[in-house]
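First the structure, in the form of structure tokens, and then the observations on it.
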Amino acid sequence: MILTGGCQCGAKRYRVETESPEAYYCHCRMCQKAVGNVFAAFVNVPKAAVDWATLGPDLYHSSRLAERGFCARCGTPLSFAFPDSDRMDLTIGSLDDPVAVHPSSHFGIESRVPGWSHEDGLPGKRVDDSPEIVARWEAAYGVGTRPGEIRP
Ligand SMILES: [Zn+2]
Ligand SMILES: [Zn+2]
């Protein structure tokens, strides 16, 4: 399927061909801060399949692990990626047609904000349930540090 999207002002536009309409919620504190909201909603896509029709996103290194793409002109949050991964996330709100994908899981459920999150029967994982992310976090910040906590 082809997804297209971009920021509010149109300075950043993308097109991606991806295999799945399954998207997810991330409730982790870093994503909450990054999107300025009580959770982020993402679709995970192959990085190489994302074609930026304009200049690519501006990048903010939100931690030693991750880079977040946004538009410096209008502020729209656009993406999340581990620089060494071959996949990345795009924000659902930046899609031209957010109805084209649907939520299939929750991540970072330890930081869910009560009152803004309702039981929907979808599976959920804590950040530290993901061995890959724990390994990335410990490589960046040291063994025993807590994945998902806010730090530069
Ligand atoms: Zn913009
Ligand atoms: Zn997150």
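Some observations on this one:
- When the test is whether a residue is farther than 20 Å from GLN32 by Cα, touching a residue at least 60 places away in the same chain (Cβ under 8 Å) and surrounded by 19 or more Cβ atoms within 10 Å (Cβ to Cβ), VAL101 passes it.
- Some residue of segment 7-16 being away from ligand 2 (no atom under 13 Å from the Cβ) and at positive phi: yes
- If only residues of segment 52-84 that are surrounded by 15 or more Cβ atoms within 10 Å (Cβ to Cβ) and out of contact with any strand residue (DSSP E or B) (no Cβ under 7 Å at 6 or more places or on another chain) are counted, the one that is nearest to ALA34 (Cα to Cα) is SER63.
- Here segment 1-36 is the region considered, the condition is being among the polar types (S, T, N, Q) and more than 23 Å from HIS61 (Cβ to Cβ), and the residue that is surrounded by the fewest Cβ atoms within 10 Å (Cβ to Cβ) is SER20.
All of the numbers you see were taken from the coordinates with simple rules; none came from a lab. These numbers were taken from a predicted model, which means no experiment stands behind them. Here Cβ is always computed from backbone atoms with ideal geometry, including for glycine, and neighbour counts include all displayed protein chains.
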